[in-house]
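Worksheet: the structure to be examined is printed underneath.
The values are calculated or read from the model by the stated rules, or taken from the named source; none is laboratory data. Here the structure is a predicted model, which is why all the values come from computation and not from measurement. FYI the Cβ positions are ideal-geometry reconstructions off the backbone, even for glycines, and counts take in every protein chain you see.
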Amino acid sequence: MKRLVRKHPLAIRWFHWINFPLLALMIWSGALIYWANAVYRIGIGHLTLLKMNFPQPVWKALHMNYRLAEGMALHFFFMWLFAVNGIAYVVYTIVSGEWRLLVPDRHSLREAWQVTLHDLHLRKEAPPQKKYNAAQKISYTLIIVMGLFSLLTGLAIYKPVQVNWLAALFGGYAMARFFHFWLTVGYVLFFVVHVAQVVKAGWNNFRAMIIGTEVVSD
Amino acid sequence: MTDGPPIPDGPPIAEEIEAARLAAIAANDAAVDAEVRRHTRRNFIVAGVAAAAGLGGWKWLRSRPAEGGVAWPLRRVLEVNERIAGALFNPNRLSPTYDLSQVMRPARVNGGIGLTPNVDAENWRLSIEGAASPVALTLDDLRALPHRELTTELRCIEGWSIIVNWTGVRLADVMARVPPPQPVRYLSMETPGRGYYVGLDIASAMHPQTLLAWAINGEPLSWQHGAPLRLAIPIKYGVKNIKRIATIRYTNVRPADFWGERGYDSYCGHRRKFILARSARI
């Protein structure tokens, strides 16, 4: 027998869907800035496995070259909306008690491993869960912590003298920029896995993120 | 089912009970489906309107006329950011300093706008306009002031940074020697022929780490580094560290800024009220 179950509160749906274009704009404008000094890489010592850069013709084809000034202006515009939306989300989860469903506990790491094995079809049973499984709890909490660090490293790069103590905390200005960049790579990876999982979970689950309710059959 | 309703006369027809049960489930499921369809329709309309509004806002932003090289709403927000930074500005916060051994050699060269290879240090003069009377200083005049050495980070707006050592005099010391007749808000600095120019707020100009430098990493400036005299202002991005200064001008009108006219934040970081208070102490 089917029944409708309330899944995602209205506020969380708004925060989520507002964040999506804002984060996309922050990443895109961040890439316009990064173009001017695209120096990072994956490698050990002198061995470079992957340059975190495109060849210039690719940047050109993407219309993302020579747009540093525009990138900065956009970044310092949308940073406010991105930060306010993120902080409002955190405040909401605390006030509403939703955090209890989101924050991992001491069993989560082990359970997340079991969830991963289950998702990879290496394990039959998924561990019991409430709204979110352990892997979701860890990722959805981690992404918020990452957001906080993006704000802090961003502030350290933005005002390296006025908040020189904050830059020092990250190992200096250059290191703060380094972390700010790799956090962004983290969002992109999160996005890929997140979308793949949403596709795998199906329409009913996806629709719940828009309408709030999910159809459950028992 | 011992305490259920009494079974009516006739043989209990299991099939009928089962059929009724299935019908009840089907009716329930149909009702749930109808309700979820209603929810979906309503919420997708809201989502569509919100998405259209967002897209409309983006299109609006992208189509605004430019002001100083960027769409004006972006320029307004850069100015708001500047006022916030100015309100929170603490002149005692210093750019971190380093040991001489941490200096990165050779100092990276970047930005040649306004530079010409010919430097005639003998005949070079730094003219200061807007002072009580126009002044033209020689390098020796500047060298007579207390020398300062500073090993700190030069941060380029492009994103890279290097540790450099500067030798020169504090701009504040020069300004104290050649003060403006009355408090001013800004300084303008130009290369010969105004090939490059920056605007500075007075508070930043008077910051103790703001130097007029003639040497980098212990060596006299090369022409690419801005011989004979350049600005070293570690509280700002590299673009403000103007090379080969020919003219300094006191002004109350916000000065033109080369990159500020080309879409960049002409970020000065200091609120006007604050700037006036500081400038009174020159």
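For this structure, a couple of remarks:
- Residue in segment B:219-229 that is buried (at least 23 other Cβ atoms within 10 Å of the Cβ), within 13 Å of chain A (Cβ to nearest Cβ) and either closer than 23 Å to B:Ala136 by Cα or basic (Lys, Arg) (or both) present: no
- Failed criterion for A:Phe206 (all others in (1) surrounded by 17 or more Cβ atoms within 10 Å (Cβ to Cβ); (2) free of Cβ contacts under 8 Å to residues at least 40 places away in the same chain hold): (1)
- Index of the failed condition, B:Asn123 passing every other in (1) out of contact with any Asp or Glu (no Cβ under 8 Å at 6 or more places or on another chain); (2) modelled with pLDDT of 95 or more; (3) farther than 30 Å from A:Trp35 by Cα: (2)
- Test result for B:Ile233, of a type outside the set (Phe, Trp, Tyr), within 14 Å of chain A (Cβ to nearest Cβ) and crowded, with 23+ Cβ neighbours inside 10 Å: yes
- Taken together, the residues in segment B:133-150 that are in a strand (DSSP E or B) and touching a helix residue (DSSP H, G or I) at 6+ places or on another chain (Cβ under 6 Å) amount to 0.
- In the set (1) part of a helix (DSSP H, G or I); (2) at pLDDT 95 or above, the condition left unmet by A:Met64 is number (1).
- Failed condition for A:Arg177, given (1) touching a residue at least 24 places away in the same chain (Cβ under 8 Å); (2) more than 9 Å from chain B (Cβ to nearest Cβ); (3) under 24 Å from A:Met72 (Cβ atoms); (4) surrounded by 15 or more Cβ atoms within 10 Å (Cβ to Cβ): (2)
- Any hit, segment A:119-132, residues being touching a Pro at 6+ places or on another chain (Cβ under 7 Å) and assigned to a helix (DSSP H, G or I): no
- Residue within segment A:148-168 that is outside any helix (DSSP H, G or I), at pLDDT 95 or above and among the hydrophobic types (A, V, I, L, M, F, W, C) present: no
- Matching residues, segment A:145-174, being more than 22 Å from B:Glu158 (Cβ to Cβ), surrounded by fewer than 19 Cβ atoms within 10 Å (Cβ to Cβ) and of a type outside the set (A, V, I, L, M): A:Phe149, A:Trp165
- Residues located in segment B:208-232, provided they are hydroxyl-bearing (Ser, Thr, Tyr) and out of contact with any Leu (no Cβ under 8 Å at 6 or more places or on another chain): B:Ser222
- Listed conditions (1) within 11 Å of chain A (Cβ to nearest Cβ); (2) at positive phi are all met by B:Gly111, apart from (1).
- For segment B:236-282, a tally of residues being modelled with pLDDT of 50 or more and within 14 Å of chain A (Cβ to nearest Cβ) returns 17.
- Residue list for segment A:108-131, filter: over 21 Å from A:Lys200 (Cα atoms) and either under 21 Å from the mean Cα position of the chain (by Cα) or surrounded by 12 or more Cβ atoms within 10 Å (Cβ to Cβ) (or both): A:Ser108, A:Leu109
- Residue list for segment B:84-108, filter: within 9 Å of another protein chain (Cβ to nearest Cβ) and among the hydroxyl-bearing types (Ser, Thr, Tyr): B:Ser95
- Within the option set A:Ala83, A:Ala69, being of a type in the set (Gly, Ala, Ser), within 14 Å of another protein chain (Cβ to nearest Cβ), within 22 Å of the chain's Cα centre (by Cα) and in a helix (DSSP H, G or I) holds for one residue only, A:Ala83.
- Counting only residues that are closer than 14 Å to A:Met1 by Cα and β-branched (Val, Ile, Thr), segment A:204-218 holds 2 of them.
- Summed over segment A:23-57, residues that are among the hydrophobic types (A, V, I, L, M, F, W, C), under 23 Å from A:Val192 (Cα atoms) and within 14 Å of another protein chain (Cβ to nearest Cβ) total 11.
- Looking across B:Ile162, B:Ile235, B:Ile157, B:Ile242, one residue alone is β-branched (Val, Ile, Thr) and more than 26 Å from A:Tyr66 (Cβ to Cβ). It is B:Ile235.
- Leading residue by the ranking (nearest to the chain's Cα centre (by Cα)) among those in segment B:54-78 that are of a type in the set (D, E, K, R), within 11 Å of chain A (Cβ to nearest Cβ) and assigned to a helix (DSSP H, G or I): B:Arg75
- Extreme residue, nearest to the chain's Cα centre (by Cα), among residues of segment A:183-192 that are touching a residue at least 12 places away in the same chain (Cβ under 8 Å) and exposed (fewer than 14 other Cβ atoms within 10 Å of the Cβ): A:Val188
- Count of segment B:165-216 residues, restricted to those that are under 21 Å from B:Asn92 (Cα atoms) and in a helix (DSSP H, G or I), is 10.
- The selection criterion, being surrounded by 12 or more Cβ atoms within 10 Å (Cβ to Cβ), under 24 Å from B:Trp259 (Cβ atoms) and more than 9 Å from chain A (Cβ to nearest Cβ), does not hold for B:Asn81.
- Segment B:79-98 - residue that is touching a strand residue (DSSP E or B) at 6+ places or on another chain (Cβ under 7 Å) and not in a strand (DSSP E or B) and, of those, nearest to B:Leu221 (Cα to Cα): B:Tyr98
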